[in-house]
1. Estimate the FRET efficiency between E72 and E49 by the formula 1/(1 + (r/R0)^6), using the beta-carbon distance for r and 35 Å for R0, to the nearest 0.05.
2. Could you order R21, R50, R154 by accessible surface area, starting with the largest, using a probe radius of 1.4 Å?
3. How much accessible area per residue does the chain have, counting only protein heavy atoms and a probe of 1.4 Å, in square angstrom?
4. Return the long-range amide H neighbours of V57 (sequence gap of 5 or more, or a different chain), with a cut-off of under 5 Å between placed amide H atoms.
5. Starting from the Cα of V57, step 7 Å along the direction of its Cβ; do the same at A116; then give the gap between the two resulting points in nm.
6. Taking the Cα centre of region 3-185 as origin, sum charge times position over the Cβ atoms of Lys and Arg (+1) and Asp and Glu (-1), and report the length of that vector in debye to the nearest 20.
7. Distance from the Cα centre of region 1-19 to that of region 170-187, in angstrom?
8. How large a share of the accessible area of the chain, in percent, is made up of carbon and sulfur atoms when the probe is 1.4 Å and the other protein chains stay in place?
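The values are calculated or read from the model by the stated rules, or taken from the named source; none is laboratory data. Here the structure is a predicted model, which is why all the values come from computation and not from measurement. Cβ coordinates were reconstructed from backbone atoms using ideal geometry, including for glycine residues, and neighbour counts include every protein chain displayed. Surface accessibility is based on the protein's heavy atoms, side chains included, excluding ligands, DNA and RNA. Shrake-Rupley method; radii C 1.70, N 1.55, O 1.52, S 1.80 Å.
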Amino acid sequence: MKKRLAVFASGTGSNFEAIARACADGALDAEVAVMVCDKPGAAVIGKAERFGVDTFVFSPKSYACKADFEAEIVKVLDGKKVDLVCLAGYMRIVGETLLNAYEGKIINIHPSLLPAFKGAHAVEDAVAYGVKVYGISIHWVNADLDGGKIIAQRAFDYDGDDPAEVHRIGQKIEHQLYVETIAKLIK
Ligand code: GRF
């Protein structure tokens, strides 16, 4: 049976799109069972609709606390019988409610060669540091932000000072690496 993925995103959703396309064209023997988004109005929502993927879109402000909205997310994931949760630009720290239910089944993609440059401004921080070898990491998600065990990495050289260019180069790599890594994990 096809493995069932959940993809979590907060913004553009280019990684969501790469994963959904790979599922649609058979490159991935999986199905995106649900796209979870914490930003009503994010571009990724339209992308999910175009791929016919169900969505759970929520506004964190309308819940009293993280545990409350994560309890809702857990219900959605359980209901969809999700095998693997792929964070793809989900700009929120995963809390203990979701970890208690799904730790060991949650992965994240991060635009640096971890453990260097954790956090939300990895590319900007690396450029400011004068880095010459950049990269992408995919890792298990645990309570330590961007600190779970690394599953896959890919490096590239860049000798310049334009974060937008690093993002552009990095995202092409992300789309391939995420699909390849998911394929290995669900085998
Ligand atoms: C990616 O660059 C990823 O590394 C980071 O967030 C970004 C999401 O981009 N975690 P997109 O929404 O998939 O286009």
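1. On the way: r = 21 Å, r/R0 = 0.59.
Using R0 = 35 Å, I get an efficiency of 0.95.
2. Values: R21 120, R50 180, R154 80 Å².
Correct descending sequence by accessible area is R50, R21, R154.
3. Numbers: 9260 Å² over 187 residues.
I get 49 Å² per residue for this part.
4. Here C37 satisfy the definition.
5. Computed distance between label sites V57 and A116 equals 3.8 nm.
6. Numbers: 20 positive and 25 negative charges, 77 e Å.
Once rounded to the nearest 20, the dipole reads 380 debye.
7. A separation of 11 Å, based on Cα centres.
8. Carbon and sulfur atoms account for 51 percent of the accessible area of the chain.
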